[in-house]
Amino acid sequence: NSFDLDEDFIKEKQTETRQLHKLLDDNVFSDNTSEIDISKVNTKQIEPPISELDKEHQSLFYKVIEKESWDINTIQNYCKNFDLMFDGAMEVINEWAIEITELPLIDIDDLVYIDVEVAKELINDKR
């Protein structure tokens, strides 16, 4: 088995790591010590957007983005498995997606449709 490394992705992650290190050096570590001043840490800067959802909605999000369309009953069953109500869960995930991308992730008609481009943007968002 062989695999290809995405050099651009690796370089991007290395750049992000250097930027985060500089941010921490500039804002968190004092000059005389290696101890972290927790009061200076703004965790919102380093947490991914998915962390804004609770565990159940995160699990549902990762499940629904596996396909572009779903039978409504299937998604309702997933919601039950995560102790979520279907309508409320769809609303929470869509409101979260709109807050980040200005577009809904989920459209419900005869099927539940997932906007793949919005899903990609949510996964790759670097707020």
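The values are calculated or read from the model by the stated rules, or taken from the named source; none is laboratory data. In this text, all values refer to a predicted model and were calculated from it rather than measured experimentally. These accessible areas exclude ligands, DNA and RNA; they are computed on the full protein's heavy atoms, side chains included. Shrake-Rupley method; radii C 1.70, N 1.55, O 1.52, S 1.80 Å.
Residue pairs exceeding 25 angstrom between C-alpha atoms, taken from 13/120; 11/55; 55/80; 13/80: 11/55; 13/80. Can you tell me the accessible area per residue over the stretch 66-120, all protein chains present, probe 1.4 angstrom, in square angstrom? Per-residue accessible area for the stretch 66-120 comes out at 63 Å². Please say if the stretch 64-115 is rounded, prolate or oblate, where rounded means a/c under 1.5 for a ≥ b ≥ c the square roots of the C-alpha gyration tensor eigenvalues, and otherwise the choice is prolate for a/b larger than b/c and oblate otherwise? Judged from the Cα gyration tensor, the stretch 64-115 comes out oblate (a/c at least 1.5, b/c at or above a/b).
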